[in-house]
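K.L.:
Take this structure, written in structure tokens, and hold onto it; I'll ask about it next.
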């Protein structure tokens with residue numbers, strides 16, 4: 001089975017621009033979660049989607065948004081980029097919706113640099 | 001404040017030595033997971049512990065869940081360079097969100 005794929009792997013943007021990141025989950029997985037990873041804050045939860053519905057949202061400003069399509073693929077959008085948005089954005093998929101023992105299968109991430 | 005506190009943040013040891021890293025919280029969890037992340041990759045699940053006091057072994061890695069289900073430890077016996085990586089503990093809280101600690105960066109020197 002193919003793993004979680006994320007595109008693009010690297011991205012450089014300037015302040016004020018917007019960006020869209022894409023995630024394709026493992027085939028058959030219906031839950032997709034997004035995380036932001038920085039050296040200072042570590043891995044922080046952004047949001048979780050299951051069957052095209054946002055089930056959970058972390059403590060991030062409204063500039064961060066996402067969606068999930070009927071084929072479970074997900075996109076994340078960040079508008080009006082700030083320097084502090086520079087981070088590794090990780091997508092993870094799982095078969096079910098947020099059970100405490102579920103395994104999160106992570107993609108390799110998208111490295112976003114904001115100049 | 002961080003829900004899960006991991007210590008030490010950074011640990012460098014020689015090949016063959018033993019090490020223990022910790023994940024602590026003031027909250028009680030129904031389960032706790034450990035992941036390992038290598039450079040350029042996403043985290044990979046190592047283990048899930050569910051029962052207070054539970055001990056799980058994965059080759060040379062031993063994971064323990066505290067009796068009160070607030071903390072966990074990871075012990076590596078005879079560390080090898082392939083054990084190098086960022087070890088992350090994770091647990092669900094609040095509205096079933098998944099929280100991660102900041103990680104234990106382990107470097108094993110050949």
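K.L.:
Alpha carbon centre of segment A:1-43 versus segment B:1-25: separation in Å?
P.N.:
A separation of 27 Å, based on Cα centres.
K.L.:
Also, I was wondering about something else. How much of the DSSP bridge set in the protein assembly as shown is antiparallel, in percent, rounded to the nearest 5? Show your work: numbers first, answer last.
P.N.:
Values: 72 of 81 bridges.
That works out to approximately 90 percent antiparallel.
K.L.:
Continuing with this model, one more query. For a quick check: sort A:70, B:25 by the number of other beta carbons within 10 angstrom, fewest at the front.
P.N.:
Ordered from fewest to most neighbouring Cβ atoms within 10 Å, A:70, B:25 come out as A:70, B:25.
Values quoted throughout were computed directly from the atomic coordinates according to the rules given, and no laboratory measurement underlies them. Note that the coordinates shown come from a computational prediction; the quantities given were computed from them, not determined experimentally. Glycine gets a Cβ as well: all are built from the backbone with ideal geometry, and neighbour counts include every protein chain shown.
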